[in-house]
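J.: Submitted below is the structure of interest, expressed as structure tokens.
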Amino acid sequence: MIAIIDYGAGNLFSVKNALDFLGFESVISSEKGQLAEAEKLILPGVGAFPDAMGKLESAGLIDTIINMSEKKPLLGICLGMQILFEWGYEFEKTRGLGLIAGKVERINAPGLKIPHMGWSDVRRAAECPLAAGVSEGDRLYFVHSYKAVTDMENISLYTEYGDLIPGLVFKGNVFGCQFHPEKSGGIGLRILKNFGELT
Amino acid sequence: MLAKRIIPCLDVRDGKVVKGINFVGIKEVGDPVERAMFYNEMGADEIVFLDITATHEGRGTMADVVRRTAENVFVPLTVGGGIRSTDDFRTLLRAGADKVSVNSAAIKNPELISDAASSFGSQCVVVAIDAKRAAAQNGDEAPRYHIFVHGGRIDTGKDAVKWAIEAERRGAGEILLTSMDTDGTKNGFDIDMLNAICSVVNIPVIASGGGGHIGDFTEVFQKTDADAALAASIFHYGELSVGDVKKALAETGVPVRIV
């Protein structure tokens, strides 16, 4: 069972649809008990960094997620990926979950449109089980104005948009996709399948 | 680097895909969910549903079409047609749409753009502009374009370039620009109009109206800064496939997503 964490931020149903399509059992929940029973967790998110952290705090889920991430695979998607890092700089400096070393700041891409929206080609960096089956040059669907800044050893897939934009990051059990795997066609589904099949 | 997007558009009425035949009759031509799945397999980068349902009951059907499509198609899904309020946005986003496009209602009430952007984020707010070149007046240095509403029947007299700037300022995340001059002609996209709009906004612009041949798609990306090109009939009737268009674009050096 995969639990999609419901904390009032983001389109949970698209992720659920993709998991259903792939044949993985999943539940959308904010119940600590239900989250504790799940084998894996997905942290979605659309919106702004401070708002998402505020909502997680109000839901009393920050410690729950941090504790569970030590034992269970956790996948953050889009803003859910950004808040895995230590600090966010959207509007104001905000503490993140701190599960991966690094920070989140505005994309610096002079002459390019912000948000970075659309299908960008990725390059491979550090080996990560979620990137199995993804080739150099495959395109994934991104929609964001902020990006993670972290060591290359934490980056499995990245794209370039003015800056280097981490696409798939990881540290131990904790994974994050800046792109939307649930909206990235067959390659995106492959990445979700890789997550679903982690043991 | 971002790929240029190819977007098939489906006109939906009462839950069925329809196509106008020379503006005389409307023919039902199938199930939108099946068509969307087909386009997805062909490599569509996004799917647009345009709801042309006239009745209130039919509107609920659209949310159901979106819901069933979102269960089977895993690329971005945009829905437009008759959107009047942030409640309409909420209904369609909950059903699984990724973006919602507004047209007439936003012209009547521009606050709708700002309200939707602040409630749901700019990334899901598309402003659709139907425009037509206006007769030149004395002193015009550049062509002027007027916005048309109600399926292109009514000239609002409003300037499309100024409206595009306002839409971006109010939080639109994207502009879907249809030229009423080229729409249905299959003679190519409206390069002049696209350049007029692309040069004043810093958000993505989707070119619509006039795409009839493979060369029209290469031309629009070579001669304008459009981020995407949308077409309905030619994909619908199989005159061109999404895959063939993308292959041709790739051969001319336009970055595209090949599946």
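The values are calculated or read from the model by the stated rules, or taken from the named source; none is laboratory data. It should be emphasised that the depicted structure is a prediction, and the values quoted were computed from it without experimental measurement. Neighbour counts run over all protein chains shown; Cβ positions are idealised from the backbone, glycine included. Quick note on the areas: whole protein, heavy atoms, side chains included, nothing else; ligands and nucleic acids left out. Shrake-Rupley method; radii C 1.70, N 1.55, O 1.52, S 1.80 Å.
J.: Based on the alpha-carbon gyration tensor of the protein assembly as shown and its eigenvalue square roots a ≥ b ≥ c, which shape applies: rounded if a/c is under 1.5, prolate if not and a/b is larger than b/c, or oblate? Please report the intermediate quantities before stating the final value.
T.: Working: a/c = 1.72, a/b = 1.65, b/c = 1.04.
Since a/c reaches 1.5 and a/b is larger than b/c, the shape of the protein assembly as shown is classed as prolate.
J.: Averaging sequence separations of C-alpha pairs under 8 Å and six or more residues apart, then dividing by the length of chain B, give the relative contact order as a whole percent. All intermediate terms of the calculation are to be shown ahead of the outcome.
T.: Details: 543 pairs, mean separation 45.8, N = 259.
Relative contact order comes out at 18 percent.
J.: Using Cα pairs closer than 8 Å and at least 6 residues apart in sequence, work out the relative contact order for segment B:85-220, in percent.
T.: 21 percent.
J.: So, one more: Relative to the compact-globule scaling 2.2 N^0.38 Å, provide the ratio for the alpha-carbon radius of gyration of chain B. Display every interim value, and only then the final one.
T.: Numbers: Rg = 17.1 Å, N = 259, 2.2 N^0.38 = 18.2 Å.
With N residues counted in chain B, Rg over 2.2 N^0.38 Å equals 0.94.
J.: Taking Cα pairs under 8 Å and at least six residues apart, what relative contact order does chain A come out at, in percent?
T.: Details: 456 pairs, mean separation 38.9, N = 199.
Across chain A, relative contact order equals 20 percent.
J.: Checking the cross-link filter: which aspartates and glutamates have an alpha carbon closer than 15 Å to that of A:LYS183, excluding same-chain neighbours under 8 positions apart?
T.: In chain and number order, the partners are A:ASP20, A:ASP121, A:ASP138, B:GLU41, B:ASP45, B:GLU46, B:GLU71, B:ASP98.
J.: Related question: If you stretched the chain out fully between B:GLN137 and B:ASN195, how much longer would it get, using 0.36 nm times the residue separation minus the C-alpha to C-alpha distance? It would help to have the intermediate numbers written out before the result.
T.: Details: separation 58, 0.36 × 58 = 20.88 nm, distance 2.03 nm.
Net length gain for the segment: 18.9 nm.
J.: About the Cα centre, and with charges only on the beta carbon of Lys, Arg (+1) and Asp, Glu (-1), how big is the dipole of chain A? Nearest 20 debye, please.
T.: It works out to roughly 220 debye.
J.: Using a 1.4 Å probe and counting only protein heavy atoms, how much accessible surface gets buried when B and A come together, both sides summed, in Å² to the nearest 100? Show your work: numbers first, answer last.
T.: Details: alone 12000 and 8730 Å², together 18510 Å².
Heavy-atom accessible area buried at this interface is about 2200 Å².
J.: Under 24 Å Cα-Cα from B:LYS158, which lysines qualify once same-chain neighbours fewer than 8 residues away are excluded?
T.: Straight-distance partners of B:LYS158: B:LYS108, B:LYS132.
J.: Still on this structure, please answer the following. Can you work out the FRET efficiency for the pair B:LYS19 and A:ASP151, with r the C-beta to C-beta distance and R0 = 56 Å, to the nearest 0.05? Before the final figure, lay out the partial values.
T.: Working: r = 53 Å, r/R0 = 0.95.
Between B:LYS19 and A:ASP151 the formula returns 0.55.
J.: Residues of B:72-82, mean number of Cβ from any other protein chain within 10 Å of their own Cβ, rounded to a whole number?
T.: Numbers: counts 2, 4, 17, 9, 10, 2, 0, 0, 0, 0, 0.
Partner Cβ neighbours, averaged per residue: 4.
J.: If the label point is 7 Å along Cα→Cβ of A:ALA101, which residues in segment A:46-78 have backbone nitrogen under 19 Å from it?
T.: Counting backbone N atoms under 19 Å from the label point, the list is A:70.
J.: Let me ask something additional. Past the 30 Å Cα-Cα mark, which pairs from A:LYS32/A:LYS113; B:LYS4/B:LYS162; A:LYS147/B:LYS162? Walk me through the numbers before you get to the answer.
T.: Working: A:LYS32/A:LYS113 40 Å; B:LYS4/B:LYS162 25 Å; A:LYS147/B:LYS162 32 Å.
From A:LYS32/A:LYS113; B:LYS4/B:LYS162; A:LYS147/B:LYS162, over 30 Å: A:LYS32/A:LYS113; A:LYS147/B:LYS162.
J.: Taking R0 as 25 Å, what FRET efficiency do you get between B:ALA105 and B:ILE165 from their Cβ-Cβ distance, rounded to the nearest 0.05? Intermediate results must be reported in sequence, preceding the final value.
T.: Values: r = 19 Å, r/R0 = 0.76.
Approximately 0.85, to the nearest 0.05.
J.: How large is ³J(HN,Hα), in whole Hz, for each residue of segment B:188-196 in order, when computed from phi with the Karplus curve 6.51 cos²θ - 1.76 cosθ + 1.60 and θ = phi - 60°, using x for Gly and Pro?
T.: Each residue's phi maps through the Karplus curve to give x, 6, 7, 4, 5, 5, 4, 5, 4 Hz.
J.: Sort all Cα-Cα distances of segment B:176-258 into consecutive 10 angstrom bins from zero, then give the percent of pairs in each bin up to the one containing the longest distance.
T.: Taking every Cα pair in segment B:176-258, the percentages come to 19, 54, 25, 1.
J.: Roll a 1.4 Å probe over the protein chains and send me the accessible area per residue for segment B:5-251 in Å².
T.: Details: 10260 Å² over 247 residues.
Result: 42 Å² of accessible area for each residue.
J.: A further question follows. Quick check on the protein assembly as shown: helices-only [θ] at 222 nm, where DSSP H runs of length 4 and up contribute -39,500 (n - 2.57) each and the sum goes over total residues. Nearest 500, please. Each step should come with its number before you reach the end.
T.: Numbers: 16 runs with 143 residues, N = 458.
Rounded to the nearest 500, the figure is -9000 deg cm²/dmol.
J.: Another question about this same structure. Please compute the Kirkwood hydrodynamic radius of segment A:32-155 from all pairs of different C-alpha atoms, in Å with one decimal.
T.: Working: mean 1/r = 0.0638 Å⁻¹.
When all Cα pairs of segment A:32-155 are included, the Kirkwood radius is 15.7 Å.
J.: Here's something else I'd like to know. Under the classification rounded if a/c is under 1.5, otherwise prolate if a/b is larger than b/c and oblate if not, where does segment A:158-199 fall, given a ≥ b ≥ c as square roots of the Cα gyration tensor eigenvalues?
T.: Values: a/c = 3.33, a/b = 1.35, b/c = 2.46.
Here segment A:158-199 falls in the oblate category.
J.: Enter the mean number of other protein chain beta carbons within 10 Å of the beta carbon of each residue in B:253-259, as an integer. All intermediate terms of the calculation are to be shown ahead of the outcome.
T.: Working: counts 0, 0, 4, 2, 12, 3, 5.
If you average over the peptide's residues, the count of other-chain Cβ atoms is 4.
J.: Report, by chain and number, residues whose modeled amide H sits under 5 Å from the one on B:VAL18, excluding near sequence neighbours (fewer than 5 apart, same chain).
T.: Amide H neighbours of B:VAL18: B:ASP11, B:VAL12, B:ARG13, B:VAL29.
J.: Is the shape of segment A:60-130 rounded, prolate or oblate, going by the alpha carbon gyration tensor and its root eigenvalues a ≥ b ≥ c, with a/c under 1.5 for rounded and a/b larger than b/c for prolate?
T.: Note, shape of segment A:60-130 comes out oblate.
J.: Turning to a different aspect of this structure: About its Cα centre, what dipole magnitude does segment A:78-196 give when the only charges are +1 on Lys and Arg Cβ and -1 on Asp and Glu Cβ, stated in debye to the nearest 20?
T.: Rounded to the nearest 20 debye, it is 220 debye.
J.: Between A:GLU31 and A:SER58, take the C-beta separation as r, use R0 = 25 Å, and let me know the FRET efficiency to the nearest 0.05.
T.: Details: r = 15 Å, r/R0 = 0.59.
In this case the efficiency is close to 0.95.
J.: Can you list which of the DSSP-assigned H helices in chain A have a Cα extent of 15 Å or more along the long axis and an average Kyte-Doolittle score of at least 1.0? Before the final figure, lay out the partial values.
T.: Working: long enough: A:12-22 (16 Å, 1.03); A:185-196 (17 Å, 0.49).
Sorted by number, the helices that extend far enough and score high enough are A:12-22.
J.: Another question about this same structure. Tally up the carbon and sulfur contribution to the accessible surface of segment A:2-196 as a whole percent, 1.4 Å probe, everything protein left in place. Please list the in-between numbers first.
T.: Working: 3410 of 7210 Å².
Whole-percent figure for carbon plus sulfur exposure: 47.
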